[in-house]
Amino acid sequence: MSVLLVSTVSSEPFARRVAEALHVPLGGVDRQDFPDGEHYLRFDIGERLGLLERDVVLVAATENRTNIDEVYRLGCAAVKNGARTLVLVIPYFGYSTMERATKPGEVVSAKTVARHLSAIPRAVRGTWVLLMDLHATGIVHYFEGDLVALELYAEPKIVEAIRSLRLPNLCLASTDMGRAKWVEAFANRLDAPVALIHKKRLSGSQTRISAVVGDVAGRNVVIYDDMIRTGGSLVQAAEAYVQAGAASVHALTTHLVLPPGAIASLEAAPLARVIGTDTHPNHRLVEGRPRFEVVSVAALFADVVRRLVD
């Protein structure tokens with residue numbers, strides 16, 4: 001397997017897990033910042049034709065503008081230097097909540113970023129982007145041209161994590177109606193009932209829980225949401241399920257975004273445990289904390305990468 005696997009700085013822990021699953025080393029990238037604000041990038045290869053006929057795998061959560069820029073620039077350089085295949089592993093796709101315009105003049109950033117990455121030239125055997133549990137199902141279709149976008153699902157790891165809790169009288173639940181189909185899919189796999197939260201919107205930024213839909217009395221509730229950002233919706237939902245008689249409330253998510261203040265909010269909430277995956281670099285903030293558990297989905301990406309480059 002002639003694979004060169006490199007990563008952005010923030011995604012290196014995840015990239016190391018992918019590299020280990022593929023049995024390849026993690027390659028290096030030479031980075032320099034100049035006084036005028038320009039950012040220099042170079043694949044750390046020893047010879048001029050070092051990328052020729054190589055399968056290049058670039059691991060990068062696009063949680064900020066710097067990483068989006070690096071993915072684009074490194075991807076272009078890999079193809080222009082002769083890479084046979086280019087695979088972009090993007091476990092967390094940033095701006096995914098900005099997938100549509102609700103006000104005049106708004107930028108649909110999810111589509112803009114997808115178009116930007118779609119401008120990376122096609123490698124000889126193809127350019128691929130691997131994503132996971134997108135906030136909106138249509139985002140995968142925002143990628144254009146010769147780039148092939150595939151959405152992977154953390155479902156196998158999520159179901160495994162729920163089973164590992166060994167909870168009797170299990171009930172799968174959501175933070176709102178928007179995640180109902182996801183929760184229903186997990187509930188069907190686990191032969192468990194479903195509970196939902198109905199919200200009433202008070203303003204553009206505020207909502208209030210108006211009802212718990214489903215019987216959670218005496219049940220151990222596991223709330224699923226695709227991402228935890230501030231944790232506000234999750235905390236409100238946990239409190240509502242407790243008030244409705246839940247015996248315990250756990251939370252499970254794919255993307256642990258966790259901006260400042262989120263961890264303290266979650267630790268103060270009536271949540272017995274919060275389980276997330278390692279897709280977002282901020283998963284490192286909760287590793288080792290008693291109320292949190294992080295499971296890796298790197299092997300799921302490695303399996304698909306192996307099929308693309310073998």
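The values are calculated or read from the model by the stated rules, or taken from the named source; none is laboratory data. If you're wondering where the values come from, they're calculated on a predicted model, not measured in any experiment. Cβ coordinates were reconstructed from backbone atoms using ideal geometry, including for glycine residues, and neighbour counts include every protein chain displayed.
Return yes when Leu266 is of a type outside the set (Lys, Arg) and within 24 Å of Pro156 (Cα to Cα) and no when it is not. Taking the combined requirement at face value, the residue does not satisfy it. Residue check: is Gly231 without any contact (Cβ under 8 Å) to a residue 40 or more places away in the chain and either closer than 17 Å to Ala173 by Cα or assigned by TED's automatic domain parsing to the domain that holds Ile162 (or both)? Judged against the criteria, Gly231 is a match. The sole residue among Leu258, Leu266, Leu285 that is outside the structural domain of Ala211 (by TED's automatic domain parsing) and within 23 Å of Thr97 (Cβ to Cβ) is Leu285. From the set of residues in the range 99-118 that are outside any loop (DSSP other than H, G, I, E, B) and polar (S, T, N, Q), which is nearest to the chain's Cα centre (by Cα)? Going through the qualifying residues, I end up with Ser109. For first residues located in the range 134-154 and more than 16 Å from Met227 (Cα to Cα), partners that are outside any loop (DSSP other than H, G, I, E, B) and among the hydroxyl-bearing types (Ser, Thr, Tyr) and lie 6+ apart or on another chain with Cβ distances below 6 Å form the pairs Phe143/Ser118; Glu144/Ser118; Gly145/Ser118; Leu147/Ser118; Leu147/Thr127. Once the range 1-14 is narrowed to residues that are buried (at least 22 other Cβ atoms within 10 Å of the Cβ) and free of Cβ contacts under 8 Å to residues at least 60 places away in the same chain, the residue that is nearest to Glu63 (Cα to Cα) is Ser7. Just so you know, in the range 172-194 the residues that are among the β-branched types (Val, Ile, Thr) and either at pLDDT 95 or above or in contact with a Phe, Trp or Tyr (Cβ under 7 Å, 6 or more places away or on another chain) (or both) include one that is nearest to Met227 (Cα to Cα), and it is Val183.
Residue check: Ile197 meets all listed conditions (1) buried (at least 19 other Cβ atoms within 10 Å of the Cβ); (2) modelled with pLDDT of 95 or more but one, namely (2). Restricting attention to the range 138-154, and to residues there that are assigned to a helix (DSSP H, G or I) and at pLDDT 95 or above, which single residue is surrounded by the fewest Cβ atoms within 10 Å (Cβ to Cβ)? Applying the filter and picking the extreme gives His141.
Is it the case, given these coordinates, that Arg73 is at pLDDT 95 or above, charged (D, E, K, R) and under 17 Å from Val305 (Cβ atoms)?
No, not satisfied.
Assessment of the range 242-253 against the conditions (buried (at least 21 other Cβ atoms within 10 Å of the Cβ), assigned to a strand (DSSP E or B) and either among the β-branched types (Val, Ile, Thr) or not assigned by TED's automatic domain parsing to the domain that holds Glu184 (or both)) yields at least one matching residue.
Matching residues to (1) closer than 23 Å to Arg84 by Cβ; (2) modelled with pLDDT of 95 or more; (3) aromatic (Phe, Trp, Tyr):
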{"residue": "Ser7", "(1), (2), (3)": "yes, yes, no"}
{"residue": "Ser10", "(1), (2), (3)": "no, yes, no"}
{"residue": "Val18", "(1), (2), (3)": "yes, yes, no"}
{"residue": "Tyr40", "(1), (2), (3)": "no, yes, yes"}
{"residue": "Leu51", "(1), (2), (3)": "yes, no, no"}
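A count restricted to the range 35-62 and to residues that are assigned to a loop (DSSP other than H, G, I, E, B) and aromatic (Phe, Trp, Tyr) stands at 0. Whenever a residue of the range 45-67 is among the acidic types (Asp, Glu), its partners that are buried (at least 23 other Cβ atoms within 10 Å of the Cβ), lying with C-beta atoms within less than 7 angstrom and at least six residues away or across chains, give the pairs Glu63/Tyr92; Glu63/His280; Glu63/Pro281. Filtered by the rule that a residue be farther than 13 Å from Arg291 by Cβ and free of Cβ contacts under 8 Å to residues at least 40 places away in the same chain, the range 245-257 gives Gly245, Thr253. One residue stands out in the range 260-310 among those that are in a strand (DSSP E or B) and under 22 Å from Glu239 (Cα atoms): the one that is nearest to the chain's Cα centre (by Cα), namely Gly276.
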